[in-house]
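Step one of this worksheet: look at the structure below.
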Amino acid sequence: MPTTIPLRFLTKINTLLLVLLFFTFPKLSLAKEGCSLECKAYYYFLLAETSSSIKHKEYYLKKCIELDPNSVFLKKELALTYLRTDRIKQAEKLLKSLVISHPQNSGVKLLLAKVYLVQNEPSKAEKLLSQLLTSSPENKEVFRLLIGCYLEQKKFKKALALIEKEIKKNPKNYELWLFKARLLDVEGRYDEAKAAYFKALKLSKVKRRVLFEVINFLNRNSDYSGLERAFNLAVRVHPQNLNLVKFLLSLYVKNEDWKGCEKFLRNYLKNRRNDELCFFLGLCLEKEGKLNQALEAYEKVSPQSGEWYLQAKGREVKILKNKHPEEALKVFSKLLNYPKKDKNWYLTILDLTESLDRCKQGIEIGKEAIKKFPEELNICLALASNYACVGDYKSILKLLAPLLKKYPKDPVLLNFVGYSYVEVGKNLNQALKLLKSALKLSPKDPYILDSIGWLYYKQGNLKLAKKYLNMAVKNLKEPEAAIFEHLATVELKVGNQKKACRYYEKAYHSAEHKVDRLRIKRELEKCLKGF
């Protein structure tokens, strides 16, 4: 009886057990008279299995095959030995002969297909794998390898047809939909690829890996509405994942889609309380110009939330200061009595003292903050802003210049120091060096461009002054009185009186501090009298 069947099962038996069996039963010894061919083949197979040398294993396998020449299993083992030693052609030759002699053996065909793939012959592998998939349509390994063959040969339509056939059998398999989306993407069929990606995303229940792939696809194609839809779906499935919520919010902010932001946050906050998100709702409403609704949202931010409460109250003050200054001062007073005077509290208060034109009070509070947080850059910059609004640039230099060694690449610090040198009228070469360094770090910052333009004006270079100040105005996101005033001064100097008056008027309407408004008003009146 041939040994093909028992030898096939031998691979599942622990090798050590086989060795023990062999040495336990001396009747298997070849020395015994009358040992059958089956017995001898078994003996050599054990030696092959226990051999640590590939060379010896090959030798014993060949001995086995001599004794049992019809064994497909043994010949497959020999082919694998050839493959392990990079003798691809020998493995191919042996397997091809097996395919001819045993055309129904799927294992041999699969191994030969893999050999073809190793040799970068996907067309040969494709032929075998197609036959195998026809006879074994549920074989996932064959399916995967055949798809790989199609892709290697750029036969995307064939690959897609195979995927769609599989999807009909497994319509809820998100991996198949993901594969289909990738193929459609490669073919440039964007809308179909998008639909397949969203199908995969839903079926996967928004698995992180799938979500990131979908986002990457949509982002690559600048599909904002698709990104919004993907994140909304992710948040619906994982509502407790605040990172997803923040990703979606950042998308709305980046695209300045304040209506979309409002709609999302209102729905999300219906049955939830979250101070951070409530603050962002107020910010979205403020950007839409819905100031009363923004105030209502800010009012809901709890004092226990710390930073978000401080920021919300700060926004309230800035909304109220123009139309309801008394109410703004009430909110400000409430903040002054806030029990936790940490770094965020000082930053909020110093920002508001400047905004409310209470800069002298801000300077005193800022000096107190510096004692608690010496060399804390943001505190120093906030105090410097209060010094600037009373025109004390010498104090700014005394405060900020020593920090340049510690923060040599902070564009705001570099700009503040450089501009202060310009205002006090000294070290202008050093100031230009600092300002150019700041501009390299932040090339479109209107405040840095303004500082450089103003420096050139002080040096008498009106052409460059006008160039940089125009760039500053162009890059403004919100009106800035100082920049408008500087450009008006330069335009007046070069004889463009009409433009000068227009910019003085803009400066007057956007000035926050009383002293600035009075000065700009005088300049505007003088300008208008010149017509």
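The values are calculated or read from the model by the stated rules, or taken from the named source; none is laboratory data. Only a predicted model underlies this, so the values are computations on that prediction, with no experimental measurement involved. Cβ atoms come from the backbone with ideal geometry, glycine included; neighbour counts cover every protein chain shown.
Could you count how many residues in segment 66-78 are buried (at least 19 other Cβ atoms within 10 Å of the Cβ) and more than 53 Å from the chain's Cα centre (by Cα)?
3
Just to be sure before I move on: is GLU228 within 21 Å of the chain's Cα centre (by Cα) and acidic (Asp, Glu) in the structure I sent?
On the way: within 21 Å of the chain's Cα centre (by Cα): yes; acidic (Asp, Glu): yes.
Taking the combined requirement at face value, the residue satisfies it.
Can you confirm whether PRO374 is within 37 Å of the chain's Cα centre (by Cα) and under 30 Å from PRO303 (Cα atoms)? Explain how you work it out, then say what you get.
On the way: within 37 Å of the chain's Cα centre (by Cα): yes; under 30 Å from PRO303 (Cα atoms): yes.
Criteria met by PRO374.
Whether any residue in segment 381-395 is in a helix (DSSP H, G or I), surrounded by fewer than 20 Cβ atoms within 10 Å (Cβ to Cβ) and in contact with a Phe, Trp or Tyr (Cβ under 6 Å, 6 or more places away or on another chain) is what I want to check.
Yes, that holds for at least one residue.
For LYS157, which of the numbered conditions (1) of a type in the set (D, E, K, R); (2) in a helix (DSSP H, G or I); (3) modelled with pLDDT under 80; (4) under 30 Å from LYS180 (Cβ atoms) fails to hold?
Here LYS157 meets the rest and fails (3).
Inside segment 233-261, can you point out the residues that are surrounded by 15 or more Cβ atoms within 10 Å (Cβ to Cβ) and among the acidic types (Asp, Glu)?
Selection gives ASP257 alone.
Within segment 306-313, is there a residue that is loosely packed, with under 15 Cβ neighbours inside 10 Å, more than 21 Å from LEU383 (Cα to Cα) and at pLDDT below 95? Talk me through it step by step, then tell me what you get.
Initially, segment 306-313 is screened for residues loosely packed, with under 15 Cβ neighbours inside 10 Å, giving none.
No.
Yes/no matrix, rows are residues, columns are (1) closer than 20 Å to LEU492 by Cβ; (2) hydroxyl-bearing (Ser, Thr, Tyr):
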{"site": "VAL422", "(1), (2)": "yes, no"}
{"site": "ASN429", "(1), (2)": "no, no"}
{"site": "LYS444", "(1), (2)": "no, no"}
{"site": "GLY453", "(1), (2)": "yes, no"}
{"site": "TYR456", "(1), (2)": "yes, yes"}
{"site": "ASN461", "(1), (2)": "yes, no"}
{"site": "LYS467", "(1), (2)": "yes, no"}
{"site": "MET471", "(1), (2)": "yes, no"}
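Please determine whether any residue of segment 233-240 is among the polar types (S, T, N, Q), out of contact with any helix residue (DSSP H, G or I) (no Cβ under 8 Å at 6 or more places or on another chain) and assigned to a helix (DSSP H, G or I). First the steps, then the outcome.
Just the residues of segment 233-240 that are among the polar types (S, T, N, Q), to begin with: 240.
Adding the requirement that they be out of contact with any helix residue (DSSP H, G or I) (no Cβ under 8 Å at 6 or more places or on another chain) leaves 240.
Then drop every residue that is not assigned to a helix (DSSP H, G or I), which leaves none.
Taking every residue of segment 233-240 in turn, none turns out to be among the polar types (S, T, N, Q), out of contact with any helix residue (DSSP H, G or I) (no Cβ under 8 Å at 6 or more places or on another chain) and assigned to a helix (DSSP H, G or I).
Restricting attention to segment 202-213, report how many residues are closer than 16 Å to GLU228 by Cβ and in contact with a Lys or Arg (Cβ under 9 Å, 6 or more places away or on another chain).
1
Quick one: how many residues across segment 504-524 are surrounded by 13 or more Cβ atoms within 10 Å (Cβ to Cβ) and over 44 Å from the mean Cα position of the chain (by Cα)?
7
Restricting the search to segment 254-273, which residues are more than 30 Å from GLY188 (Cα to Cα) and either of a type in the set (Asp, Glu) or assigned to a helix (DSSP H, G or I) (or both)? Don't jump to the end; show me each part of the working.
Applying the first criterion (more than 30 Å from GLY188 (Cα to Cα)) to segment 254-273 yields 258-259, 261-273.
Scanning segment 254-273 gives TRP258, LYS259, CYS261, GLU262, LYS263, PHE264, LEU265, ARG266, ASN267, TYR268.
So for segment 314-323 (the condition being surrounded by 22 or more Cβ atoms within 10 Å (Cβ to Cβ), of a type outside the set (S, T, N, Q) and touching a residue at least 24 places away in the same chain (Cβ under 8 Å)), does at least one residue qualify?
yes
Considering each residue of segment 81-91, count those that are farther than 10 Å from VAL115 by Cα, assigned to a helix (DSSP H, G or I) and touching a residue at least 12 places away in the same chain (Cβ under 8 Å), and give that number.
If we filter segment 81-91 for residues that are farther than 10 Å from VAL115 by Cα, which is where we start, we get 81-82, 84-87, 90.
If we keep only those that are assigned to a helix (DSSP H, G or I) as well, we get 81-82, 84, 90.
Retained after the next criterion (residues that are touching a residue at least 12 places away in the same chain (Cβ under 8 Å)): 81-82, 84.
Within segment 81-91, residues that are farther than 10 Å from VAL115 by Cα, assigned to a helix (DSSP H, G or I) and touching a residue at least 12 places away in the same chain (Cβ under 8 Å) number 3.
Going through LYS246, LYS168, LYS180, LYS172 one at a time, which residue ends up being of a type in the set (Lys, Arg), part of a helix (DSSP H, G or I) and in contact with a helix residue (DSSP H, G or I) (Cβ under 8 Å, 6 or more places away or on another chain)?
The conditions single out LYS180.
Among the residues of segment 252-298, which ones are acidic (Asp, Glu) and farther than 25 Å from HIS324 by Cβ? Reasoning before the result, please.
So the first thing to find is which residues in segment 252-298 are acidic (Asp, Glu), and the list is 256-257, 262, 275-276, 286, 288, 296.
If the condition is that a residue be acidic (Asp, Glu) and farther than 25 Å from HIS324 by Cβ, then GLU256, ASP257, GLU276 are the ones that fit.
Test ILE363 against the stated conditions and say whether it is closer than 18 Å to SER420 by Cα, part of a helix (DSSP H, G or I) and not charged (D, E, K, R). Can you show your working first?
Details: closer than 18 Å to SER420 by Cα: yes; part of a helix (DSSP H, G or I): yes; not charged (D, E, K, R): yes.
In short, yes.
How about segment 337-357: which of its residues are within 25 Å of ARG517 (Cβ to Cβ) and free of Cβ contacts under 8 Å to residues at least 24 places away in the same chain?
Here is the first cut: in segment 337-357, the ones within 25 Å of ARG517 (Cβ to Cβ) are 348-357.
If the condition is that a residue be within 25 Å of ARG517 (Cβ to Cβ) and free of Cβ contacts under 8 Å to residues at least 24 places away in the same chain, then ILE349 is the only one that fits.
All but one of (1) touching a residue at least 24 places away in the same chain (Cβ under 8 Å); (2) part of a loop (DSSP other than H, G, I, E, B) hold for GLU77; which doesn't?
(2)
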